[in-house]
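Here the structure is laid out as structure tokens; the discussion comes afterwards.
The values are calculated or read from the model by the stated rules, or taken from the named source; none is laboratory data. Bear in mind that the values here come from a model prediction, so they are computed numbers and not experimental data. Cβ sites come from the backbone with ideal geometry, for glycine too, and all protein chains shown count toward neighbours. Surface areas here come from the heavy atoms of the whole protein model, side chains and all, with no ligands, DNA or RNA. Shrake-Rupley method; radii C 1.70, N 1.55, O 1.52, S 1.80 Å.
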Amino acid sequence: MGIDTVMWSKLVTGMTLGFHAIFATLGVGIPLMIAIAELIGIRRKDPHYILMAKRWSRGFVISVAVGVVTGTAISLQLALVWPHFMKLAGNVIALPLFMEVFAFFFEAIFLGIYLYTWERFKNPYIHWLLTIPVVAGAGMSAVFITTVNGFMNQPGGFAMEGGQFTAVDPVQAMLNSASFSKVFHVLSSAYLTGAALLAGIAAFTMLKKGVSAYHKKALKLMMGVVLLFGLLNTLAGDVSAKFLAEHQPEKLAAAEWHFETESGADLVLLGWLNAEHEIIGALHLPNFLSFLAFGDFNAKVTGLEEFPTDERPPLLVHYLFDLMAGIGFTLLGISLLYFLFIIWKKRNELNKWLLRVIALGAPLAFLGVELGWFYAEIGRQPWIIRGYMRVEDAATTSPSVRILFFLFLILYIILGIVCVLVLRRLFNNNSAETEMEKWLKPVQGETAEERGHA
């Protein structure tokens, strides 16, 4: 059986969003890590933390460059693949899309100033202050684009007349009921993932080249951030679950394979469905779904059977939800274990098996982000704008969409290869220890002040 244009459209969007999510997450998460490292370096007068900020900012610039291309591809595929969606909703989502671009340019301007003004100020705090607009711009970029996704889940800020959105209030559309929980979850997961990546790099380097003061400090700092945002991300997940229970009960029911409305509903973990939609091999936590949804172990939770068959999300979202949540708790558990080892058994936190687990946490964090976005998008099916436009009504009917898929695929293969090669070239032959020696060793006949302004 051939693939129709709707499925090709979904494939194009899934690929473009999946690839862009990697660099968008880095774009939001890494600036905060740079700011934290530089601030600690200034306060403690520790060159290791200053070097962290310098090296991380170099790698970050590469991810920003690739993110610009992938972000442009997202805009292009929206116009080409979902023309009916853009025709209906374009005047509603135009403001947050414009503000997202503005936030990115705001971030990029101050990032350029930050990169080219190292050691140009007598007061190092002035240079550190430049990280604030970078962090803010990156965060606001995520906020604005996430409100678009929130609108697609909880549309508002317009009147419907003759099949068109009229009397549009774009601010009200942005401040929809879904935005807070989604923004909270997106930001906390981005900061968690950024910290997990840098901690993973430090752990991997120590496994490969041995323990050094630089990587030991980087690991401890980033594991602290992982712990903080792991806790916040857990809270964000709880907020999201309670939002779904109230506003999108069909999505929560599909994710938990909760078919019949009942009080004291069980939380279903893992398992699979047989042909009769009976749950096999799952772990049932009594009454926990009611608590997760409403904070009450005896609350009534709406079952999936309450909704028309053609408006139910695909049941595979259960696997996406379980994996996403499992990864989040795993990262939190790894960070707790790391600090328990520091408290209970000094230096044992750098044993090889724990370093391997921390290194594995980096790709797991990105997998969690990807699974979260796929859960968010597939869980909204069959709607592209919930209650107003179905996916099949929004997609292009042009058979050329299959050509677009392969063009984007080639683009992303090239971008991925170039990104990896550039990052390897940037860091492989320039270790932190070597760079620290060069930085601290005065050039003959040159004063420290002259080196700072070179």
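Quick notes on this one:
- Per-residue ³J(HN,Hα) for the stretch 170-187, Karplus 6.51 cos²θ - 1.76 cosθ + 1.60, θ = phi - 60°, Hz, x for Gly and Pro: x, 5, 5, 5, 5, 8, 5, 5, 8, 4, 4, 5, 5, 5, 4, 5, 5, 5
- Long-range Cα-Cα pairs in the stretch 204-263 (distance over 15 Å), rounded percent: 67
- Whether the stretch 259-314 is rounded, prolate or oblate, judged on the alpha carbon gyration tensor where a/c under 1.5 counts as rounded: oblate
- Overall form of the stretch 149-197 per C-alpha gyration tensor (a/c, 1.5; a/b vs b/c): prolate
- Taking a ≥ b ≥ c as the square roots of the eigenvalues of the Cα gyration tensor, the stretch 354-430 is classed as oblate, since a/c reaches at least 1.5 and a/b does not exceed b/c.
- With every protein chain in place, the stretch 1-124: carbon and sulfur % of accessible area (1.4 Å): 72
- Amide H contacts of G271: L283, each under 5 Å away and 5 or more positions distant or on a separate chain (H built 1.01 Å from N in the peptide plane; Pro and chain starts excluded).
- D (Stokes-Einstein, µm²/s), Kirkwood Cα radius, the stretch 27-125, 1.002 mPa s at 20 °C: 135
- Kirkwood-based shape ratio for the chain, expressed as Rg/Rh from alpha carbons: 1.00
- Relative to the longest principal axis of the Cα atoms of the chain, the long axis of helix 5-44 makes an angle of roughly 40 degrees.
- Charge tally around R386: other residues with Cβ under 11 Å, Lys/Arg +1 each, Asp/Glu -1 each, net +1.
- Globularity ratio of the stretch 75-197, using Cα Rg and 2.2 N^0.38 Å: 1.31
- Vicinal HN-Hα couplings computed from phi for the stretch 198-206 (Karplus, 6.51 cos²θ - 1.76 cosθ + 1.60; Hz; Gly/Pro x): 5, 5, x, 5, 4, 5, 4, 5, 5
- Nearest-ten-degree value, helix 47-81 long axis tilted from longest Cα axis of the chain: 30
- Sorting the segments 152-162, 300-310, 47-57 by their mean number of nearby beta carbons within 10 angstrom, highest to lowest, gives 47-57, 152-162, 300-310.
- For the chain, the longest principal axis of the C-alpha atoms and the axis of helix 83-115 are separated by about 10°.
- With 26 Å as the limit, the listed pairs K54/K182; K182/K251; K45/K220; K45/K352 have K54/K182; K45/K352 beyond it between alpha carbons.
- Long-range HN-HN contacts of I384 with modeled amide H, under 5 Å: M389, R390, V391
- Cα centroid separation - the stretch 39-101 against the stretch 156-228, whole Å: 12
- Along the axis of the charge dipole computed for the chain (Cβ charges of +1 for Lys and Arg, -1 for Asp and Glu, origin at the Cα centre), the listed residues F104, L283, M86 are led at the positive end by F104.
- Per residue, the accessible area of the chain comes to 49 Å² when a 1.4 Å probe rolls over the protein heavy atoms.
- Residue (of L332, A199, F23) at the positive-pole extreme of the chain, dipole from beta-carbon charges: A199
- The chain, relative contact order [Cα under 8 Å, separation at least 6], %: 20
- Within the accessible area of the stretch 341-423, the carbon and sulfur atoms contribute 72%, probe 1.4 Å, all protein chains present.
- Whole-number percent relative contact order across the stretch 118-208, with pairs defined as alpha carbons under 8 Å at least 6 apart: 25
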